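Reading through the structure tokens given below for one structure.
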Amino acid sequence: MASIGFEWVYIEGGPYLMGDLSEDNEDALPLHGIRMEPFYISRYETTLEQYDLFARETGRNTVLPDQVSRGRRAAGDMTWKDAVAFCAFMGGRLPTEQEWEYAAAGGRAKQRYPGTDNPEEVDDFVRHRTNSMAESFPVGRKKPNLLGLYDMGGNVAEWIGEFYEFYPEPGQEPAWVDLDTRELRLARGGGFSAEVHVTQTYWRAGTLGTITTPTIGVRCVADP
């Protein structure tokens, strides 16, 4: 898959405090400690070139067919189930919400934005409403975060696999969303039309899994 720019990055596990350290966003509270096991994650968001290959090989329709300039432009406009199928085709799966946040925040560094804690440096790492255009950009044009991952914030939001609807209170076990019976899904990271605060590493955004929009794409993970 290297010929189409698909590259896995190994992420070491470790302890992590999940949620909003500023304690302003109720959707990302309460803060709770987790312990991550190692995993692999794609260095880049899925590109149109990669998704076109998947569509040809599986007999599916591609996404954004009217987008003339394709190649390494980030793919969007796919349903959650399309994203699941793409990751399986690549030998992986969708990230859990814990995996995604841990990777975006630079692991135990727990940065506020992917790559920085300084709001004045966000534009160096993140593509959002005020520094973008009305379409996704080729991947890897901004600086990578601490783990060498590109576009974890902005460009396109990324579908999440397993998650829990509400963060657990102290002493409680988390209640995982039943993905077989619930249509609610999450997309993390914010897209090219998102306000910059949505690209913070702890920010959660719920939507229906059947929704298609150019602002939501996919990044895959795999087990060691």
Self-check item: Unmet criterion (only one of (1) within 20 Å of the chain's Cα centre (by Cα); (2) of a type in the set (A, V, I, L, M); (3) modelled with pLDDT under 95) for Ile11
Solution: (3)
Self-check item: Identity of the residue in the range 10-38, crowded, with 18+ Cβ neighbours inside 10 Å and in contact with a Pro (Cβ under 7 Å, 6 or more places away or on another chain), that ends up farthest from Arg188 (Cα to Cα)
Solution: Ile11
Practice problem: Give the residues of the range 122-149 that are part of a loop (DSSP other than H, G, I, E, B) and surrounded by fewer than 21 Cβ atoms within 10 Å (Cβ to Cβ), sorted by residue number. | Solution: Ser132, Ala134, Phe137, Gly140, Arg141, Lys143, Pro144, Leu146, Gly148
Quiz item: Tell me, which strands (runs of 3 or more DSSP E) wholly within the range 1-93 include 2 or more residues that are among the β-branched types (Val, Ile, Thr)?
Solution: 8-11
Quiz item: Residue check, Ala175 against (1) touching a helix residue (DSSP H, G or I) at 6+ places or on another chain (Cβ under 8 Å); (2) at pLDDT below 95, all met but one. Which one?
Solution: (1)
Quiz item: Are any residues in the range 52-71 crowded, with 19+ Cβ neighbours inside 10 Å and either under 24 Å from Thr199 (Cα atoms) or modelled with pLDDT under 95 (or both), and if so, which ones?
Solution: Val63, Leu64
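For every residue, the table says whether it meets (1) farther than 21 Å from Met18 by Cα; (2) under 13 Å from the mean Cα position of the chain (by Cα); (3) modelled with pLDDT under 95.
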{"residue": "Arg188", "(1), (2), (3)": "no, yes, no"}
{"residue": "His197", "(1), (2), (3)": "no, no, no"}
{"residue": "Thr201", "(1), (2), (3)": "no, yes, no"}
{"residue": "Gly209", "(1), (2), (3)": "yes, no, no"}
{"residue": "Thr213", "(1), (2), (3)": "yes, no, no"}
{"residue": "Arg219", "(1), (2), (3)": "no, yes, no"}
Practice problem: Out of Glu101, Glu120, Glu135, report the one residue that is within 30 Å of Thr181 (Cβ to Cβ) and of a type in the set (Asp, Glu). | Solution: Glu101
Quiz item: Do we find a residue being among the aliphatic types (A, V, I, L, M) and in a helix (DSSP H, G or I) anywhere in the range 178-195?
Solution: no
Practice problem: Answer yes if at least one residue in the range 77-84 is under 20 Å from Ala222 (Cα atoms), in contact (Cβ under 8 Å) with a residue 24 or more places away in the chain and exposed (fewer than 13 other Cβ atoms within 10 Å of the Cβ), and no otherwise. | Solution: yes
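The values are calculated or read from the model by the stated rules, or taken from the named source; none is laboratory data. The structure presented is a predicted model; accordingly, all values stated were derived computationally and were not measured. Neighbour counts run over all protein chains shown; Cβ positions are idealised from the backbone, glycine included.
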